[in-house]
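One structure is given below, encoded as structure tokens.
The values are calculated or read from the model by the stated rules, or taken from the named source; none is laboratory data. Keep in mind it's a predicted model, so treat the numbers as computed, not measured. Here the Cβ positions follow ideal geometry from the backbone for every residue, glycine too, while neighbour counts run over all protein chains shown. For accessibility, only protein heavy atoms count, side chains too; no ligands or nucleic acids. Shrake-Rupley method; radii C 1.70, N 1.55, O 1.52, S 1.80 Å.
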Amino acid sequence: MRAIFLDKDGTLVENVPYNVNPGLIELSWHAGQALQLLQHMGFALFVVTNQSGVAKGLFTEAALDPVHERLSELLAQYGVTLSGFYYCPHSPDGVVSRYAVPCTCRKPMPGMLYRAAREREIDLSQSWMIGDILHDVEAGRRAGCRTVLIDNGNETEWNESPLRTPDLKAPDLYAAASMIAAVENDSAMDDAVEDLGSMGNPAASGGLGPPDAVGSGNQQI
């Protein structure tokens, strides 16, 4: 399985800090059409989101279920289905002791992507992570995915490093989907050309020897 991992706030939906009110959730510009395109290409779609509001006592884990349901409702209007919704409730500076701990699931760590890959048999090397800050990029790269940064102003620190360098930058989710489509199409074309080259090379393809070879037992067709 190939997957697209999507950050939620600021990427898939408009950024409303610590929001768990389904009525305030709105898809970002042309997000439905973007996911239509990615789903049509055969990608499974997963949300991976840091939800430190749980650790900070602003809402409970149970409050995230209606958020997931609302996202599913909004995307269903475009014929899009989420294959998974993963969240990290932890934050070292939290006030709820059970969640105020270091973890491997909070981005920029790749734990949510690894969990999805394990549970759904995802090929991470053929998958993409899309997010609006460099923590998303780092999580994707640590997991072995290709990455797209939605450069919409939400990244303000720009603490860059090789792990925080995206493969692509896009102004919005629809542009990101279009760029991924272009990269994937180019890759498919390169593979097709390589396959054709192998077919034309008997040594590479394991094909028959020269048709006039004597005593080979091969038949010329």
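General observations
- Accessible heavy-atom area order of H40, H135, highest first, probe of 1.4 Å: H40, H135
- What the phi angles of region 57-73 give under the Karplus curve with 6.51, -1.76 and 1.60, with θ = phi - 60°, is a coupling list of x, 7, 7, 9, 4, 4, 5, 7, 4, x, 5, 4, 4, 5, 4, 4, 5 Hz, glycine and proline written as x.
- Whole-Hz ³J(HN,Hα) from phi, Karplus 6.51 cos²θ - 1.76 cosθ + 1.60, for region 139-145, glycine and proline x: 4, x, 5, 4, 7, x, 8
- Only aspartates and glutamates eight or more places from K56 in sequence, or on another chain, were considered; those with a Cα closer than 16 Å are D93.
- Taking Cα atoms only, the orientation of helix 31-40 departs from the longest principal axis of the chain by about 30 degrees.
- Rounded to 5, percent antiparallel among DSSP beta bridges of the chain: 5
- The fraction of accessible area contributed by carbon and sulfur in the chain is 51 percent, rounded to a whole number (1.4 Å probe; ligands and nucleic acids excluded).
- Region 32-95-region 148-179 distance, computed between alpha-carbon centres (Å): 19
- Accessible area of Y18 (1.4 Å probe, protein heavy atoms only, ligands and nucleic acids ignored): about 110 Å².
- Label-to-label distance, W29 versus A182, with points set 7 angstrom from Cα along the beta-carbon direction: 1.7 nm.
- Ranked order, S83, S91 - accessible area, probe 1.4 Å, largest first: S83, S91
- Sorting the segments 136-142, 43-49, 175-181 by their mean number of nearby beta carbons within 10 angstrom, highest to lowest, gives 136-142, 43-49, 175-181.
- Contour minus Cα-Cα distance for N154 and H40 (0.36 nm per residue): 38.2 nm
- Amide H partners (placed H, <5 Å) of Y87, local residues excluded: T49
- Cα gyration tensor, region 55-175 - rounded (a/c under 1.5), prolate or oblate: rounded
- Over the chain: helical MRE at 222 nm, DSSP H runs n ≥ 4 each giving -39500 (n - 2.57), nearest 500: -10500 deg cm²/dmol
- Legend: residues E26, E184, sorted from most to least accessible area (1.4 Å probe; ligands, DNA and RNA excluded), read E26, E184.
- Over the chain, relative contact order from alpha-carbon pairs under 8 Å, at least 6 apart, %: 20
- For region 167-179, Karplus couplings with θ = phi - 60° (6.51, -1.76, 1.60), whole Hz, Gly/Pro x: 5, 9, 10, 9, x, 7, 5, 5, 4, 4, 4, 5, 5
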